[in-house]
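Read-outs throughout are calculated quantities, based only on the coordinates presented, and are distinct from any laboratory measurement. Every value quoted in this text rests on a predicted model; they were computed, and no experiment measured them. For neighbour counting, all protein chains shown are included, and Cβ atoms are generated from backbone atoms with ideal geometry for every residue, glycine included.
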Amino acid sequence: MPHHVIIGGGPVATNALETIRQFDDSPITIVCDEPAHSRMALPYWLAGQVVREHTMTADDAYFKKLDVDARIGSRVTKVDTSANELTLSNGGTVAYDNLLIATGSSPVTLPIPGTDLPGVTPLWDLAHTQGVLDAVEGIAKPRIAMIGSGFIGMIMLNAMYKRGWTLTVVEREPQILPRMLNGEAAAIAETWLGKKGVDVHTGTTVTKITDAGGTKKIELASGQSIEADVVVVAVGIAPNVDFLEGSDIEHTAGTGGAVPVNDRMQTNISNVYAGGDIACGPVLFGDDEVHPIQPTAVDHGRIAGANMAGQNVQYPGSLLMNILDVCGLQCASFGQWQSGADTMTMNNPTGNVYRSLVWVGDQLTGATFVGQANDMGMLTDVGMAKGIMQTQTSLGPWKEFLAENPFDIRRPYVAAGVAAKLRNTTLIGKASKMRQYQFGGAKATATPSAEHAVFVADRGVGGS
Ligand SMILES: Cc1cc2nc3c(=O)[nH]c(=O)nc-3n(C[C@H](O)[C@H](O)[C@H](O)COP(=O)(O)OP(=O)(O)OC[C@H]3O[C@@H](n4cnc5c(N)ncnc54)[C@H](O)[C@@H]3O)c2cc1C
């Protein structure tokens with residue numbers, strides 16, 4: 001049986017190895033420089049809602065149960081595709097038959113003085129999160145300045161808001177969340193943040209950071225300055241591809257760089273797969289893109305795992321989705337959310353409500369939602385709009401219905417049979433099994449009601 005080697009320990013890696021195990025007992029080795037964990041869980045730790053251990057997604061017992069040779073704490077420095085061999089930072093080598101590159105991305109920094117000062121940090125991984133928690137220890141109301149207002153930065157900002165810290169955001173674009181919301185939707189979120197006591201500066205850059213006795217001073221091109229205990233630099237990410245330098249695996253480095261993959265998650269070398277934040281792969285609407293989000297990482301891991309295990313599974317493509325709690329205001333955008341030629345828009349800034357539905361013919365290809373967290377109707381509409389896009393359902397006359405009734409997505413969703421389609425869809429032609437890791441070996445205790453059991457039962461599409 002082929003030896004599968006996976007570099008990484010995030011969602012791509014764990015989903016790939018569990019998928020391989022759904023098919024066979026072939027040898028698997030995983031190499032990761034960090035403990036296997038979920039970056040998505042870091043905000044809950046930062047907010048004080050869970051402890052660090054709850055962000056972990058695997059431990060020794062889990063790897064043993066799945067019969068995986070886990071080299072946690074090891075870093076890959078080189079890939080030789082002619083010898084099918086990896087080199088590790090300790091000089092050791094690992095041979096493979098199939099390789100999956102799932103190394104994720106890392107934050108980039110700003111080319112300005114002061115980014116190397118203590119207390120000036122990215123906020124992306126376990127060490128950064130621990131660093132911020134340590135830096136604010138003993139400060140009654142820490143002052144945090146965040147440079148950049150992208151999706152992940154704002155997730156972490158929300159975590160710090162829950163702590164009651166004093167928050168400032170600096171964004172060089174004229175609006176916050178420039179790659180997630182259009183100007184009208186962002187304006188609602190920005191006003192909301194102001195009401196929640198978050199100081200937002202848009203359309204200006206940081207020129208310098210200095211330190212006087214532990215207090216950081218951030219100087220802005222606008223002439224203003226901000227004082228903070230911690231400065232978070234959240235200005236973008238680049239894929240972790242440094243170890244591919246000199247290999248013949250196609251890739252580009254830097255922001256926007258990536259490893260191109262086909263719909264089986266194969267790179268230009270057929271026994272080398274890639275997925276997640278580093279992969280530029282098929283998307284549901286438009287040309288191949290990098291989608292550095294958890295759902296895409298999970299999908300890529302499952303598709304790559306199935307194909308490495310000898311299946312022939314094609315990925316229909318990922319749907320860009322950013323769903324964010326901005327200090328109590330829910331913001332979400334999907335697919336080709338930037339308004340196209342055929343867009344329905346509802347904008348009510350005083351009610352903190354914004355919606356746009358972007359169409360190609362009678363197909364919904366993008367959407368944006370803004371509304372308050374207690375608006376249950378909006379929250380269910382977000383899920384249903386996502387389902388309509390994921391199933392690529394043509395809505396026919398229901399498109400006109402939505403033009404008249406933009407707050408009633410439920411009817412088109414049900415009438416066009418989206419729920420039924422979703423229920424019968426699986427990514428790899430086989431239902432996924434429950435993850436085989438629970439923190440502390442905990443057992444799931446929920447007993448679904450008869451109604452709920454319908455949704456969690458085996459879908460009957462090919463076994464467990
Ligand atoms: C704070 C935070 C919050 C987030 N919240 C959300 C959210 O709410 N929703 C959402 O959709 N997405 C969210 N994301 C994004 C999501 O977590 C990522 O898209 C996802 O983790 C990507 O998975 P991955 O497996 O590709 O890489 P990763 O999860 O980054 O895992 C890659 C691992 O490989 C390791 N590695 C890198 N290079 C090497 C090497 N040479 N040798 C060995 N190991 C190496 C890395 O250190 C890392 O541990 C969040 C991200 C962050 C940082």
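Straight-line reach from LYS196: taking Cα to Cα under 28 Å and skipping same-chain neighbours fewer than 8 places apart, the lysines in range are LYS141, LYS162, LYS208, LYS216, LYS217.
Simple spin-label estimate for VAL414 and THR447 gives 3.0 nm between the two label positions (7 Å along the Cα-to-Cβ direction from each Cα).
Computed from backbone phi, the HN-Hα couplings of the stretch 185-194 come to 5, 5, 4, 5, 5, 5, 4, 4, 4, x Hz, rounded to whole numbers (Karplus: 6.51 cos²θ - 1.76 cosθ + 1.60, θ = phi - 60°; Gly and Pro given as x). Remark on ASP211: its backbone amide H falls under 5 Å from those of LYS217, a criterion applied only to residues 5 or more positions apart or on other chains, H modelled at 1.01 Å from N. Cross-link reach is defined here as a Cα-Cα straight distance under 20 Å, omitting same-chain residues fewer than 8 places apart; for LYS386 the lysines meeting it are LYS399, LYS421. Between the amide H of VAL233 and those of THR121, LEU123, ILE147, distances stay under 5 Å, these residues lying 5 or more places away or on another chain, with hydrogens modeled in the peptide plane.
Per-residue 3J(HN,Hα) values for the stretch 330-338, derived from phi via the Karplus relation 6.51 cos²θ - 1.76 cosθ + 1.60 with θ = phi - 60°, read 8, 10, 8, 9, 9, x, 7, 6, 4 Hz in sequence order (x marks Gly and Pro).
Here the dipole of the chain is about 1080 debye; that uses its Cα centre as origin and unit charges on the Cβ of Lys and Arg (positive) and Asp and Glu (negative). Projecting label points 7 angstrom from Cα along Cα→Cβ for GLU137 and LYS78 puts them 4.0 nm apart. Extending 7 Å from Cα along the Cβ direction at ASN374 and again at ILE112 yields two label points whose distance is 3.8 nm. For the stretch 328-423, the Cα gyration tensor yields ellipsoid semi-axes of 20, 15, 12 Å (square root of five times each eigenvalue, largest first, whole Å). Kirkwood radius, the chain, all distinct C-alpha pairs, inverse of mean reciprocal distance: 23.7 Å. Here the Karplus curve 6.51 cos²θ - 1.76 cosθ + 1.60, taken at θ = phi - 60°, turns the phi angles of the stretch 226-235 into couplings of 10, 9, 8, 7, 9, 10, 9, 9, 10, 10 Hz, with x standing for Gly and Pro. Between ALA70 and ILE30, the built amide H atoms are under 5 Å apart, and every one of these is 5 or more places off in sequence or on another chain.
Using the average count of surrounding beta-carbon atoms within 10 Å as a protection proxy, the listed peptides 414-424, 15-25 rank, highest first, as 15-25, 414-424. Take each peptide in 121-134, 256-269, count the other Cβ atoms within 10 Å of every residue, and average; sorted highest first, the result is 256-269, 121-134. For the stretch 182-299, the alpha-carbon radius of gyration amounts to 1.48 times the rule-of-thumb value 2.2 N^0.38 Å expected for a compact globular protein.
Residues of the stretch 264-290 falling in the label zone of GLN338, defined by backbone nitrogen less than 18 Å from a point 7 Å along Cα to beta-carbon, are 281, 283-290. Excluding same-chain neighbours fewer than eight residues apart, the lysines reachable from LYS443 by a Cα-Cα span under 24 Å are LYS64, LYS65, LYS430, LYS433. Among the chymotrypsin sites (Phe, Trp or Tyr not before Pro) found in the stretch 382-447, those both in a DSSP coil and sparsely packed, with 15 or fewer other Cβ atoms within 10 Å of their Cβ, are PHE407. Ranking THR121, THR350, GLY335 by how far each Cα lies toward the positive end of the dipole of the chain (charges on Cβ) leaves THR350 at the top.
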